[in-house]
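Here the structure comes first, spelled out in structure tokens, and everything after it is commentary.
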Amino acid sequence: MGVLNITPDSFSDGGKLFQDHGVDLSGVQAVAQQMIEEGANVLDIGGESTRPGAQPVGVSQEMDRVIPVVEVLAQLDTIVSVDTRHAPVAAAAIAAGAHMINDVSAGGDPDMLSTVAASQVGYAMMHMQGLPENMQLSPRYGDVIAEVGGYLKQRYLACLQAGIDGGRLMLDPGFGFGKTLAHNLQLLDGLAQLKVSGVPLLVGLSRKSMLGTITGKTVEDRMAASVAAALLAVQRGADLVRVHDVAATSDALKVLQALHSPAHVIIGKDTRISGYMLESVLESGLVSAGANVSLIGPMPTPAIAYLTRTLRADAGVVISASHNPYYDNGIKFFDHLGNKLADDVEHEIEAQLGEEMACVDSDQLGRASRISDAAGRYIEFCKATVPRGFSLRGMRIVLDCAHGATYHVAPRVFEELGAEVELIGATPDGVNINDGCGSTHPEMLREKVLELRADVGIAFDGDGDRVLMVDSDGRLLDGDELIYMIASHRKVLGTLGGGVVGTVMSNLGLQQALEAQGIEFCRAKVGDRYVTEMLLNKGWLLGGETSGHVLCLDLASTGDAIVAALQALLPVVESSRSVAELVSGVVKLPQIMVNVKVPDPAAVARSPALLSAISVKEAGLADRGRILVRASGTEPLLRVMVEGEDAPEVQEIADELAAIAQNQG
């Protein structure tokens, strides 16, 4: 992105394209053409200086400077961006042919998001602490990466809520905008941690005072430092760099791109015995293809997602069959941002399994290594998801780790937060994962909670992405009730960030309880990836499944059982109320699930006889319940779910529909 400042007072090139009589249009066009030839993909036009200490200009004055330039440059073969924080200027620029709005205030003008939403232009949002006239007086942060990243994520979600498609967005950490030199360097080194849902990062370091502080050079002599900073930014995850020296930066980036660094893949697993064999095979295959591999051993699935992102790996691989028995196993993939792969990408990988495989030459083989501090990194991440000062001191908690991947990290998280922890299901031997324990078999946890008179019991599944709880009276709490606890607490704090997404299987009682509090509830297809997809589309933060997948997208990119458990305990600690009291607002309706084994479940689900029977039963239930019939995605089963206020009636309807389905099969 080449910089074109149409101002008399910008810190670097102010006045060069602005004469006494106004903007030098012929000069602007010549400079723009030169930048395009030198390698600029985007031209960014600024009509108001936002350097430290700069005073704002009027909207009409900014328009007089910018709009004529946009009209001229829109005729060129390039992307025209307008650097403005004022919605009227943005609207006029869009009408004049601009392709992108670069907003240093990230929607500070209350009309900016609606203006962008009504168009099809791109929109870049920047973090700034304060305003240009005061931002460098005394910038302060507790954790600059966490605070800037959290702000960018919040603005991203605000854009989605305003109707702006995520594919049009770009985020900028705002180097030099309310940051000290130390803050800027931390942000540069931690750029990868600022990525939000695949949104491109825009970085502007060119000729800034931080480079002058480091090198002692004046603005005019900072080209070398600017090029070096741009290269570092790209290596750390920047997708677009905003520069004054286009030719030099473009040449340097071409050299960087010619290096073709080998791919970096992180491999983790749960505790089942076959994981060691599959780990070796994956390691061998990836290394033979030229990729570098980092092995982290048994770790929860969400830990692999987190480490893939923070260690700037290209992909993460989890060897796990989640809540299934030890003799099953499988493979999950995460992209470089710690997100699950889209269905079509997974299908493409599966399609390639049957193709002939090739290896790189010996001198291009990848390398394998182990990450010894992976557990410690993840433990600190989990602890950082609760507020400073949060303490579980005085609470007795029973943890059931399902003899799975959480066995060595969950106890440390809760102990270090002050809880008295009693452990079960924490001695894996390779074949006992999920065997009579964990979230799929919470009976032992319930007995232990009652025996020890514990405050709460927490059950994880084998790979640590599902969680259930048991209250002090031995009552089992599923994902619906945990979501209710978290949502209700966030509603009070004002941090809910929209509504809640469940699935078609979520209990109607959850929906009714949330709506009674004014919380909107929507249903996605079964599967946490579909819940995530709907949350992102709506710009919401909280959702999950009855099975215990709980998604807090402001904290983690995927379902994280430890993080979800901590979020559910937040209201317990902060309100001094028991778990049982906090879920008393949910009155769950009786729900019956009948699995019908048929050769072709999808065909049976479409059969006229079954559809007719469902229609009749739904009319009888009216608003007192609901019916869901769906084919299993993994087994030859048709799942018949009936939910309603009257348990005998629900059972009768489920049995009748199951019998009809069996006859159709």
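Residues are listed down the side, and each one gets a yes or a no for (1) at pLDDT 95 or above; (2) on the phi < 0 side of the Ramachandran plot; (3) outside the structural domain of Ile145 (by TED's automatic domain parsing):
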site: Asp239; (1), (2), (3): no, yes, no
site: Asp270; (1), (2), (3): yes, yes, yes
site: Val293; (1), (2), (3): yes, yes, yes
site: Thr308; (1), (2), (3): no, yes, yes
Fill in: Sole residue being of a type in the set (Asp, Glu), in contact with a strand residue (DSSP E or B) (Cβ under 8 Å, 6 or more places away or on another chain) and at negative phi, chosen from Asp465, Asp435, Asp471
Asp471
Fill in: Hits in region 154-172 - residues which are part of a loop (DSSP other than H, G, I, E, B) and surrounded by fewer than 20 Cβ atoms within 10 Å (Cβ to Cβ)
Ala162, Gly163, Asp165
Item to complete: Kindly state which helices (runs of 4 or more DSSP H) lie completely within region 437-541 and contain at least 2 residues that are touching a Gly at 6+ places or on another chain (Cβ under 7 Å) and under 27 Å from Gly644 (Cβ atoms).
Response: 479-493, 508-516, 528-538
Response to the item:
Going through region 360-393 in order, the residues found to be part of a strand (DSSP E or B) and loosely packed, with under 13 Cβ neighbours inside 10 Å are Ser369, Arg370
Discussion item. Give me the strands (runs of 3 or more DSSP E) completely within region 244-325, filtered to those with at least 3 residues that are of a type outside the set (A, V, I, L, M) and surrounded by fewer than 24 Cβ atoms within 10 Å (Cβ to Cβ), ordered by residue number.
Written reply: 292-298
Practice prompt. Considering each residue of region 454-472, count those that are crowded, with 20+ Cβ neighbours inside 10 Å and either farther than 21 Å from Asp435 by Cα or under 18 Å from the mean Cα position of the chain (by Cα) (or both), and give that number.
Written response: 7
Worksheet item: Regarding Gly502, is this residue among the small types (Gly, Ala, Ser), under 19 Å from the mean Cα position of the chain (by Cα) and at pLDDT 95 or above?
Response: yes
Worksheet item: Do we find that Arg475 is under 24 Å from Cys159 (Cβ atoms) and surrounded by fewer than 21 Cβ atoms within 10 Å (Cβ to Cβ) in this structure?
Response: no
Worksheet item: Name the pairs whose Cβ atoms lie under 6 Å apart, with the first residue in region 612-631 and β-branched (Val, Ile, Thr), the second part of a strand (DSSP E or B), and 6 or more positions between them or separate chains?
Response: Ile614/Ile627; Ile627/Val642; Val629/Val640
Worksheet entry | Selection within region 606-633 - over 33 Å from the mean Cα position of the chain (by Cα), small (Gly, Ala, Ser) and surrounded by 15 or more Cβ atoms within 10 Å (Cβ to Cβ) | Ser607, Ala613, Gly625
Fill in: Tally, over region 227-260, of residues that are out of contact with any strand residue (DSSP E or B) (no Cβ under 9 Å at 6 or more places or on another chain) and among the small types (Gly, Ala, Ser)
5
Discussion item. Return the pair list, or none, for Cβ contacts closer than 6 Å from residues in region 280-299 that are without any contact (Cβ under 8 Å) to a residue 40 or more places away in the chain and farther than 17 Å from Ser362 by Cβ to residues that are surrounded by fewer than 17 Cβ atoms within 10 Å (Cβ to Cβ) and among the small types (Gly, Ala, Ser), at least 6 apart or on different chains.
Written reply: none
Worksheet item: For region 192-218, what are the residues that are surrounded by 15 or more Cβ atoms within 10 Å (Cβ to Cβ) and either more than 31 Å from the chain's Cα centre (by Cα) or assigned by TED's automatic domain parsing to the domain that holds Ala305 (or both)?
Response: Arg207, Ser209, Leu211, Gly212, Ile214, Lys217
Response to the item:
Condition set of a type outside the set (Asp, Glu) and without any contact (Cβ under 8 Å) to a residue 12 or more places away in the chain, scope region 634-652, selection surrounded by the fewest Cβ atoms within 10 Å (Cβ to Cβ): answer is Thr634
Worksheet item: Quick check, is Val243 touching a residue at least 40 places away in the same chain (Cβ under 8 Å), more than 30 Å from Glu533 (Cα to Cα) and not small (Gly, Ala, Ser)?
Response: yes
Discussion item. Only one of Tyr123, Tyr151, Tyr141 is in contact with a His (Cβ under 7 Å, 6 or more places away or on another chain) and not in a helix (DSSP H, G or I). Can you tell me which?
Written reply: Tyr141
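Rundown of residues vs (1) under 30 Å from Ala426 (Cβ atoms); (2) of a type in the set (Val, Ile, Thr), yes/no style:
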position: Val449; (1), (2): yes, yes
position: Phe460; (1), (2): yes, no
position: Asp463; (1), (2): yes, no
position: Leu476; (1), (2): yes, no
position: Lys491; (1), (2): no, no
position: Ala516; (1), (2): no, no
position: Lys538; (1), (2): no, no
Worksheet item: When Gly366 is evaluated against the numbered criteria (1) on the phi > 0 side of the Ramachandran plot; (2) in contact with a strand residue (DSSP E or B) (Cβ under 6 Å, 6 or more places away or on another chain), which criterion, by number, is the only one it fails?
Response: (1)
Worksheet item: Of all the strands (runs of 3 or more DSSP E) wholly in region 574-649, which have at least 1 residues that are polar (S, T, N, Q), out of contact with any Phe, Trp or Tyr (no Cβ under 6 Å at 6 or more places or on another chain) and modelled with pLDDT of 90 or more?
Response: 591-597
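Each row is one residue, and each column tells you yes or no for (1) among the aliphatic types (A, V, I, L, M); (2) under 27 Å from Asp221 (Cα atoms); (3) at pLDDT below 90; (4) not in a helix (DSSP H, G or I).
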residue	(1), (2), (3), (4)
Ser10	no, yes, yes, yes
Val28	yes, yes, yes, no
Arg51	no, yes, yes, yes
Ser60	no, no, no, no
Ile94	yes, no, no, no
Asn102	no, yes, no, yes
Response to the item:
Note on region 130-153: residues buried (at least 20 other Cβ atoms within 10 Å of the Cβ) and among the β-branched types (Val, Ile, Thr) are Val144, Val148
Discussion item. Looking only at region 43-66, how many residues end up being touching a residue at least 40 places away in the same chain (Cβ under 8 Å) and under 19 Å from Ala95 (Cβ atoms)?
Written reply: 9
Discussion item. Given the criteria on the phi > 0 side of the Ramachandran plot, surrounded by 22 or more Cβ atoms within 10 Å (Cβ to Cβ) and touching a residue at least 60 places away in the same chain (Cβ under 8 Å), does Ala402 qualify?
Written reply: yes
Worksheet item: From the set of residues in region 447-477 that are acidic (Asp, Glu) and touching a residue at least 60 places away in the same chain (Cβ under 8 Å), which is farthest from Lys588 (Cα to Cα)?
Response: Asp463
Item to complete: Residue by residue through region 509-532, note down the ones that are of a type in the set (D, E, K, R), out of contact with any strand residue (DSSP E or B) (no Cβ under 6 Å at 6 or more places or on another chain) and modelled with pLDDT under 90.
Response: Asp528
Worksheet, complete the sentence: Met223: passes all of (1) farther than 18 Å from Pro52 by Cα; (2) more than 21 Å from the chain's Cα centre (by Cα); (3) in contact (Cβ under 8 Å) with a residue 60 or more places away in the chain but (3)
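The values are calculated or read from the model by the stated rules, or taken from the named source; none is laboratory data. On a predicted model such as this, the values are computed, not experimentally measured, just so you know. Every residue, glycine among them, receives a Cβ derived from its backbone with ideal geometry; neighbour counts consider all protein chains shown.
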